[in-house]
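The values are calculated or read from the model by the stated rules, or taken from the named source; none is laboratory data. Values in this document were obtained by computation on a predicted structure and should not be read as measured data. Please note: Cβ atoms are built from the backbone with ideal geometry, for glycine as well, and neighbour counts cover all protein chains shown. These area figures cover heavy atoms from the full protein model, side chains too; ligands, DNA and RNA do not enter into them. Shrake-Rupley method; radii C 1.70, N 1.55, O 1.52, S 1.80 Å.
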Amino acid sequence: MTAPAPAPQWGTKARFGVASAVGLQLLMLAGIIIAANWISTRRYRRWDWTDDVTYTLGDGTKQLLGKISEEDKKYQIVAFYLPDEYGAWESALKRTQDLLEEYRTRSRDRVAWEIVSVASVGGGGVQAAQKKYDIRSQIGANDVVFKRGETERVVNLREFFGQQWDDMGPRGAPKLTSFNGEAIVTSTLQVLSQDKPIVLGFTTGHEEVATDDMKGPAEWGAFSNGLLRQREGYQVQPIVIPAGAGVPQEVNVLVIAGPKRDFNEGEISSIQLFLNRGGRLLVTLDSGPEMADRPLPNFYKFLGAMGINPQTLIVLDPDNAPEMLVRVGEGFQPKKDKGTFFISGFDRKHAVTAKFDADKQVAMIGACAFFLERESAPEGMILTELARCGSDGWGEKDYPQNQQMNASRDEPGPLSLAAALSGRMKGSTGDDETRIVVIGDSTGQANGIQPELRSPDLVLNSIRWLAKQEYLIRVDPKVPEDRSLILTKDQDSFVFSRCVLLLPGLAIAFGMTMFMTRRAA
Amino acid sequence: MAGRRGDLVTNLPALTKREFTANFYSPMAYVIATFYLLFAGLSFYILLRDQRDANAMRSLLTFLGFIHTIFIPMVTMRLISEERKSGTLEMLVTAPVSDTEIAISKFLGATLFTALMIAPTTLFTWVLTRINGRPDIGMIQASYVGLMLLSMSYIALGLFISSLTANQIVAAILTFVTLFTFYFLVGFLTGSAESLPFHEKIPWPDILNYMHFGAHLQSFGKGLVDSRDVVYFASVISLGIFLTIKSLESRRWR
């Protein structure tokens, strides 16, 4: 290193010149920094490094948020909750907060959100919250309100997640077992974003399931009102099919749910006309003793012409039947009902079922099976088997008298339980392709008898596919990995010794060694 | 005499090495590292016991962001102040190295020392796996990236403040006050804005929130690497280093 050079002498003018140059450089740097940050807030990327890609939204959600980000109108989500002493909401709210922040980010601030404790709103209570946030809908203490302009939709916060109360987390709070927030938020935003609802025309006059049935075993009232109408935003409309005159113009998807009386030829030709124009049809069928003496020859013939031949049998699949607690005397005993079972296999390619994971549970109760004849499908249309029962299941033809497989009488599994047909029909007069889904059960989807087995996803995904809303079909609720850790006494000591004592001890030892070495040198 | 631009590559590694190794000659570095590791270890232990969750690392790394507002000033306080006080700075600025090299090497030396100070905390992840915990490794990695970027921003600001005074204590206090303001005070004003009686008078809450260090650490803590946060930290680092260079240059014409 050379000796210091004598410092040059600076005059006031020179100093002023240098100071001005530095000031100018500083201004330029400030300008670059502000510009870089401004641009970065508009054009940015986020990388999700979490092991289970917790924050990565589905393609459908991204597509919707992309559309929303170009809209003029803003969306507002206000989630209200009533705090409790157990901190029951803690993990669920944290997850909800993270999710909503992703929506805000992805929509470029078009979706704003807030999570509000009702107790903290001035004056307290739901009414004060309603007033403060200018909410017109009736809300409860744990409701989430979605707003777009004057339009509002309300969803209960508890629908966002599953909790387990018998396996407590920290401070006695229940553990978060599943999170369905993305599915709910996306479908609700989708409903708000559409100016005209999609009309589901439910046929009447053939003892179909009633869309206002709130008590029966199928409970399609709750299903169609709560899920299809309120949450998914479809317009559920009971209709009468006039003979030979087609289906009412406003109907986007025709639904024939669990008919028990046959259609006449005029009605069949109306349905056929609707399909020839690129119409969409969902059929759910039932089987079992109540259907034994109620054949539907015209309707089955119509389906047969599509390559789908419903069979007069009931599917039993004991291997896939869940055990249910049945009262026996004073107590309960686990028992299986062979006619209530989970679908064993799904088609992994078709849009309706592609996103069901290997553990997906969709219950069927008293299911009807079909024989699929691809060569009988109308020209230009592709027939796909969507779901089937297990290979040990069978189609029982003498139910309920016999419930054992009889090779000479019954149909061996696997049997088709749901099928989809799509394509442009020969001679079609519509611009769109025709789509049909047939499901061999009406009861299991809405299930009023065993709500714990209720599994509407097959019907719901079918409706979305039929309504050309494939992007709303998404993966099942994410199940957060259980990372809870309750330390044993040994583990506690292990953590304390390694983390609290060892590391600082090593730093001291290293320092001492260095000090001694230097001193010795 | 300032070094030529082409010498930057040749001089920088040697200068950085000098700055980095200088830390180990001072007992202060070991005191800082010992207390830092004690704080980190104790915090991790308490968080793990309280949260009963392998993701306690997430909370720890976010907490360390705050703890660094105390420890980084101790690392940066001596960087230039000490050299100025002892007169070695005069020798350094007249050596054939540029002010840019001096500033960058001091920044890199302190960054390496901080990284070395943080590195032992990765042992906590190993401890978690040893006791059958299932920590989210991706989330932890992102948190470390965030913590390093935050620390580098702190170092850049601390370096600049250290260049303003010959008194190490003044440098440490000023750095702490600056970091505390950007980490805690701004966060408090924006985060609790609605509950404050004067919340309507807080100017430009969005800009204020954007300047909040903690807000930019949050995404990393969740396992998300966001280009906006990276740009923000890069901006603070560039600004700190640029101001340091200008502060060093100013000795020639002030």
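For the cross-link pairs B:Lys106/B:Lys222; A:Lys62/A:Lys132; B:Lys17/B:Lys246; A:Lys426/A:Lys468; A:Lys13/B:Lys246, the ones whose C-alpha atoms lie over 26 Å apart are B:Lys106/B:Lys222; A:Lys62/A:Lys132. Taking other residues whose beta carbon is less than 15 angstrom from the beta carbon of B:Gly158, and scoring Lys, Arg as +1 and Asp, Glu as -1, yields 0. Within segment A:197-472, the ratio Rg/Rh, alpha carbon atoms throughout and Rh by Kirkwood, equals 0.96. Treating r as the C-beta distance of B:Ser238 and A:Gln63 and R0 as 51 Å, the FRET efficiency rounds to 0.90.
Mean partner shielding of peptide A:502-513, defined as the number of other chain Cβ atoms within 10 Å of each residue Cβ, is 6. Rolling a 1.4 Å probe across all protein chains gives B:Trp126 an accessible area of roughly 110 Å².
Protein heavy-atom accessible surface, 1.4 Å probe, per residue over the protein assembly as shown: 47 Å².
Inter-label distance, A:Asp432 to A:Asn225: 2.8 nm, where each label sits 7 Å from its Cα along the C-beta direction. In this structure, the amide hydrogen of A:Asp441, modeled 1.01 Å from its nitrogen in the peptide plane, lies closer than 5 angstrom to those of A:Leu285, A:Cys368, counting only residues at least 5 positions away or on a different chain. Computed on protein heavy atoms with a 1.4 Å probe, the accessible areas place A:Asp51, B:Asp226 in the order A:Asp51, B:Asp226, largest first.
Across the protein chains, with a 1.4 Å probe defining accessible surface, the residues A:Arg43, B:Arg228 rank A:Arg43, B:Arg228 from largest area downward. Measuring between alpha carbons in the structure, the pairs from A:Lys73/A:Lys196; A:Lys73/A:Lys355; A:Lys349/A:Lys397 lying more than 26 angstrom apart are A:Lys73/A:Lys355; A:Lys349/A:Lys397. Here the mean projected area of the convex hull built on the C-alpha positions of chain A is 44.0 nm².
Residue ranges A:26-39, A:232-245 sort as A:232-245, A:26-39 when ordered by packing (mean number of other C-beta atoms within 10 Å per residue, highest first). Among B:Pro27, B:Pro13, B:Pro135, the residue with the largest mean-square fluctuation in a Gaussian network model of chain B, with springs joining Cα atoms closer than 10 Å, is B:Pro27. Can you tell me the FRET efficiency between A:Arg518 and A:Lys73 if r is taken as the Cβ-Cβ distance and R0 is 56 Å, rounded to the nearest 0.05? Efficiency for this residue pair is about 0.20. Database remark: amide H of A:Phe371 closer than 5 angstrom to the amide H of A:Asn309, A:Gln311 (H placed geometrically; neighbours at sequence offset of 5 or more, or on other chains; Pro and chain starts carry no H). For the protein assembly as shown, a crude dipole built from +1 on the beta carbon of Lys and Arg and -1 on the beta carbon of Asp and Glu, taken about the Cα centre, is about 4040 debye to the nearest 20. Amide H to amide H, with H built 1.01 Å from N, A:Gly423 comes under 5 Å of A:Ile382, A:Thr434, counting only residues 5 or more places away or on other chains.
Per residue of peptide B:119-127, the mean number of Cβ atoms on other chains within 10 Å of the residue Cβ is 3. Net charge dipole, segment B:5-253: roughly 380 debye, given to the nearest 20, about the Cα centre with Cβ charges of +1 for Lys and Arg and -1 for Asp and Glu. Of the peptides B:31-42, A:275-286, the ranking by mean beta-carbon count within 10 Å, highest at the top, reads A:275-286, B:31-42. Summarising the label geometry, the points placed 7 Å from Cα in the beta-carbon direction at A:Arg43 and A:Asp109 lie 1.9 nm from one another. Full extension of the chain between A:Asp359 and A:Phe371 gives 1.8 nm of extra length, using 0.36 nm per residue less the Cα-Cα distance. Note on A:Ser391/B:Ile46: beta-carbon distance plugged into 1/(1 + (r/R0)^6) with R0 of 56 Å gives a FRET efficiency of 0.55.
Ordered from largest to smallest accessible area (heavy atoms of protein chains, 1.4 Å probe), the residues A:Leu228, B:Leu157 come out as B:Leu157, A:Leu228.
Taking 1.567 mPa s as the viscosity and 4 °C as the temperature, the Stokes-Einstein diffusion coefficient of segment B:1-134 based on its alpha-carbon Kirkwood radius rounds to 77 µm²/s. Rg of the Cα atoms in segment A:235-290, relative to 2.2 N^0.38 Å, amounts to 1.16. In this label model, A:Glu379 and B:Thr129 are separated by 6.3 nm, measuring between points 7 Å along each Cα→Cβ vector. Per-residue shielding of A:14-21, expressed as the average number of other chain Cβ atoms within 10 Å of the residue Cβ, stands at 2.
Taken along its three principal axes, the alpha carbon spread of segment A:103-155 comes to 34, 21, 17 Å, from the longest extent down to the shortest.
Could you tell me the ratio Rg/Rh of segment A:30-144? Both radii from Cα atoms, Rh via Kirkwood. Rounded to two decimals, Rg over Rh is 1.05. Computed 3J(HN,Hα) for segment B:113-127, one whole-Hz value per residue from the Karplus formula 6.51 cos²θ - 1.76 cosθ + 1.60 where θ = phi - 60°, is 5, 5, 4, 5, 6, 6, 3, x, 5, 5, 4, 4, 5, 4, 4, glycine and proline marked x. Gyration tensor analysis over the Cα atoms of chain B returns equivalent ellipsoid semi-axes of 33, 23, 16 Å (largest first, whole Å).
At the residue level, A:Phe16 shows approximately 150 square angstrom of accessible surface with a 1.4 angstrom probe and all protein chains present. Using a 1.4 Å probe, how large is the accessible area of A:Leu383, given in Å² and rounded to the nearest 10? The value for A:Leu383 is about 10 Å².
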